[in-house]
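Report on the following structure.
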Amino acid sequence: MSAGARVTRLSTTPVKGLALHHPDEILLRRTGAAGDRAFFVIDGRDRLISIWKTGRLVRFRAAHDTRNDRIMLSSAEGVACDAPVRLGIPVTADFYGKRKVTGTVVEGPWNALLSDAAGEPVRLVRADERGAGHDEHPVTLLGEESVAELARQSGAGSVDGRRFRMLIGFAGLTAHIEDSWQGQTIQIGQAVVRAAGPVPRCAATTRDPDRGVRDFPAVRMIRSYRGVRANESGRGVNFGVYADVVVEGAVRVGDPLNVQPAGRDARPSRLPALSPHAVRLIRVAPRGSGQGNYFPREYS
């Protein structure tokens with residue numbers, strides 16, 4: 001049990017590497033949050049464009065209208081482009097040299113816009129399979145207390161937890177308690193997840209989540225007090241944990257986290273009827289924004 005632990009932030013984006021949405025509610029499927037990272041951006045050599053290399057992309061926020069299959073890109077200056085999805089040629093993208101992800105190039109005005117921001121020709125791609133845009137596992141978890149401990153250890157005063165781009169943020173437990181959850185099941189709202197290995201951090205975490213500029217040596221600061229540790233990729237600087245979805249369901253800000261002891265599985269109290277076909281859009285306002293954005297919510 002984890003008395004007092006509750007979800008404090010949900011972070012998603014229809015286009016991997018662009019600015020995050022912070023909806024009040026998501027639907028967790030086996031492949032991750034519905035609509036999350038359904039698209040990604042590649043360079044001229046079909047390699048994934050990541051924030052660690054091209055921070056300026058986080059200045060754009062994408063909204064995917066799933067009902068009409070349209071994509072809108074906006075920035076602090078307003079709507080940059082809004083057009084229907086037009087599929088082009090198939091492509092196989094290289095994700096960090098670790099795996100190949102198949103998809104289809106999406107033709108439209110965003111390619112010129114993102115190319116200008118990236119300083120090189122890039123293309124938007126729709127992943128062929130749900131969840132293919134995630135790095136390792138479909139869910140990531142990080143406690144606010146862990147972020148606060150990083151701030152204390154680094155002397156930074158405060159650290160914006162959004163820079164870690166974790167799907168589910170929570171509060172109410174001790175710092176780095178999530179490290180101990182591997183193999184355990186956790187009920188979060190109506191969903192149940194099973195914690196996997198730690199998340200190795202890269203230079204993307206050094207960038208400001210709104211401006212995309214390097215402003216905090218996150219990896220070096222984490223390493224200074226946590227060292228280099230084993231993870232699923234070998235060894236690295238770990239911060240937060242991965243998880244897989246055991247039972248699909250809705251997760252909302254404010255939902256409790258119920259961590260089960262090893263050997264026991266969490267049982268959700270109530271499950272929604274799920275359908276891969278029925279989709280409606282809800283309007284959510286990202287934190288710090290006075291303007292709502294659309295995010296897909298799938299129910300029967």
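What list do you get for THR13, THR66, THR8 if you sort them by fewest beta carbons within 10 Å?
THR8, THR66, THR13
So how much slack lies between THR102 and VAL213, counting 0.36 nm per residue of separation and subtracting their Cα-Cα distance, in nm?
Here the segment from THR102 to VAL213 would lengthen by 37.0 nm.
Assigning unit charges at the beta carbon (Lys, Arg +1; Asp, Glu -1) and nothing else, what dipole magnitude in debye, to the nearest 20, does the chain show about its Cα centre?
Using Cβ point charges on Lys, Arg, Asp and Glu, the chain gives about 280 debye.
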Segment 139-201 and segment 9-31 have their Cα centres apart by a whole-number Å value of 16
Note on the chain: contact order normalised by length, alpha-carbon pairs under 8 Å, 6 or more apart, percent, works out to 25
Note: SER180 to ASP69 extended length (0.36 nm per residue) minus current alpha-carbon separation gives 35.8 nm
When MET72, MET166, MET221 are ranked with the fewest other C-beta atoms within 10 Å first, the list becomes MET72, MET221, MET166
A convex hull over the alpha carbons of the chain yields, per residue, a volume in Å³ of 125
CD proxy, 222 nm, the chain: helix-only mean residue ellipticity via -39,500 (n - 2.57) per DSSP H run with n ≥ 4, per residue, nearest 500, stands at -3000 deg cm²/dmol
With T = 25 °C, eta = 0.890 mPa s and Kirkwood Rh from C-alpha pairs, the Stokes-Einstein D of segment 35-133 in µm²/s is about 180
With 0.36 nm assigned to each residue of separation and the Cα-Cα distance removed, ALA148 to ASP244 gains 32.0 nm
Note, ARG99: beta-carbon cut-off 15 Å, +1 each Lys/Arg, -1 each Asp/Glu, net -2
Calc'd 3J(HN,Hα), segment 152-158, phi into Karplus 6.51 cos²θ - 1.76 cosθ + 1.60 (θ = phi - 60°), Hz, glycine/Pro = x, comes to 5, 5, 8, x, 7, x, 8
With R₀ set to 45 angstrom, the calculated FRET efficiency between the beta-carbons of ASP82 and ALA262, to the nearest 0.05, is 0.35
Restricted to the chain, the DSSP antiparallel beta bridge percent, nearest 5, is 95
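Taken together, the values in this text are just the output of simple stated rules run on the coordinates, not laboratory data. Computed from a predicted model, the values in this text were never measured in an experiment. No Cβ is skipped: glycine too gets one built from the backbone with ideal geometry, and neighbour counts run over all protein chains shown.
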